Amino acid sequence: MSNKQANRAGTIRQFEIFQAKDGGESIDASPAVTDIKYYENVLSPSVNLTVVITETGESDKKTFGSRGMLNGLPIRGGNASHIIIEDHEGNKLTFKDDNKLYVNRVRNVLSGTQKDVYALDFTSRERLANEQCRVVKRYDGKISENVKKILTEATSAEAGLKTQKEVDVDETAIEYNFIGNDRKPFYVCTWLASKSIPAQAGKVGGSAGYVFYETYDGYNFRSLDALAEQESKGNYLFSNTDDIPPEYTAKILNYDIDRDIDLQNNLTIGAYANRTLFFDFYAYNYKVRNYSVDESGGADNNKGAGSKGKIVNLGEDEINSVADEFRLPVSRLMNRVLDVGTLPAGKDIDEQLKTWKDSPFDPTYDSTQTMVQSVMRYNQLFSIKINIKIAGDFSLRAGDMIYCEFPELTTDPNTPVNKKSGGLYMISSLCHHITPRETDTTLTLVRDTFGRKPFS
């Protein structure tokens, strides 16, 4: 057995909690920490960390007696922290300075005469600031550029997220003019994701479908196409033996393939075919768009919504796994207001008014293709889902691609790999779990296509 599999213990290098008031004292809480869970998710705009505290009021820096840290510091919410945790391979997660986490919630408090046990939920500063600021400005131009502005600049007066973290944004092809309308920054970024199409060399180059999320490295506004095209971060194998071949990164300790098939639910959400009716308040008419997984989505038929072939990238096995009588008819009818862009283009109000007067019913942005395609991509993204557990690996991020091998269901001791379950997967969410005994990482893997892809 490799040392990677034998010694999976992680280390808490620092776990310091500060008083909520500026210039307040801090306390080293690491001796009282009994459990840490760190979370990332491609559908979540913030990272989260949960820690279980078991303490008697004593620390290496301060004694609170019977009050304990909870009431002696006190801990009520908004307390900043300095946290450094390390996995068995030496990869560190450091939450300090611009990346520090704040106490968001105190829960499950179990008080006793000998000890107190409670859980603290930590989150990023930006998640809390998101509740206190609104987007009110007008934004013109490409969506990708405006997402960067919303995350890094003031969005109303002097208020805004103003994050100092890295912001990774895939360039969009569509120009979309809008006003924030007093909505929260995270809401606006998620709303814009459903309207975004990736650009290649300044042109529409892929299919609709973006996700907005935070990882340890910062904020991400990424195209599903771009995420799927990433190189694998590692090769993982499930085996009943202790040793694994050298070409694999690590052993899968256990796994669970979500084999649940809910045809009725898939029909309800329009996973195979849907129809959307867009009502245009300006022209007083409506447009109807039908989409299915069988439908071609080339540049001519799917104007403005990408040019990579089909709307979703499903293999023939997946398409044929549902009978034609259920797959082909439209199963979901959606009604939406046609989004033609909030404002006409122009460098100033006079030019904008002229643009509108010249063609009052000519949309600055037509969402009929993009938004429906996005719905299909999001529905199909989780068509295959696998949960795996590996030895703690803090180098992985939500949105990374990894390669996995799983065995066939057989009595053969030389178990061959399953050619359908194996292949490239995207990490949709992860959880790093640290206890005094061991550290492991649980990954939820998804993909919207069948078929294996080799790794080198």
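Treat the count of other C-beta atoms within 10 Å as a stand-in for reagent exposure and order D243, D28 from fewest to most.
Numbers: D243 10, D28 15.
By the 10 Å Cβ count, ascending, the order reads D243, D28.
M334: net charge of surrounding residues, Cβ under 10 Å, Lys/Arg +1, Asp/Glu -1, itself excluded?
Numbers: positive: R275, R289, R332, R336; negative: none.
After counting each charged neighbour, the total is +4.
Which order results if R336, R447, R437 are arranged by neighbouring Cβ count within 10 Å, fewest first?
Values: R336 16, R447 21, R437 8.
Starting with the residue having the fewest Cβ neighbours, the order is R437, R336, R447.
Could you check the simple spin-label distance between K389 and S156, using points 7 Å along Cα→Cβ, in nm with one decimal?
A separation of 4.5 nm, rounded to one decimal place.
How long is the gain from L43 to D258 if the chain were fully straight, where each residue apart is worth 0.36 nm and the alpha carbon distance is subtracted?
Working: separation 215, 0.36 × 215 = 77.40 nm, distance 1.88 nm.
Here the answer is 75.5 nm.
Per 0.36 nm of contour for each residue apart, how much would the distance between E145 and Q230 grow if the chain were fully extended, relative to their Cα-Cα spacing? Please list the in-between numbers first.
Details: separation 85, 0.36 × 85 = 30.60 nm, distance 2.22 nm.
So the extension gain works out to 28.4 nm.
Need the full-extension length gain, N290 to T34, defined as separation in residues times 0.36 nm minus the C-alpha distance. One decimal, nm. Present the calculation step by step, with values, prior to reporting the outcome.
Working: separation 256, 0.36 × 256 = 92.16 nm, distance 5.33 nm.
Extra length from N290 to T34 when fully extended: 86.8 nm.
Taking a quarter of the surface of the Cα convex hull of region 114-218, what do you get in nm²? Please report the intermediate quantities before stating the final value.
Values: hull surface 34.5 nm².
The number I arrive at for region 114-218 is 8.6 nm².
Bear in mind that the values in this text are calculations on the coordinates, not laboratory data. This structure is a prediction, so every number in the text was calculated from the model and none was measured. For neighbour counting, all protein chains shown are included, and Cβ atoms are generated from backbone atoms with ideal geometry for every residue, glycine included.
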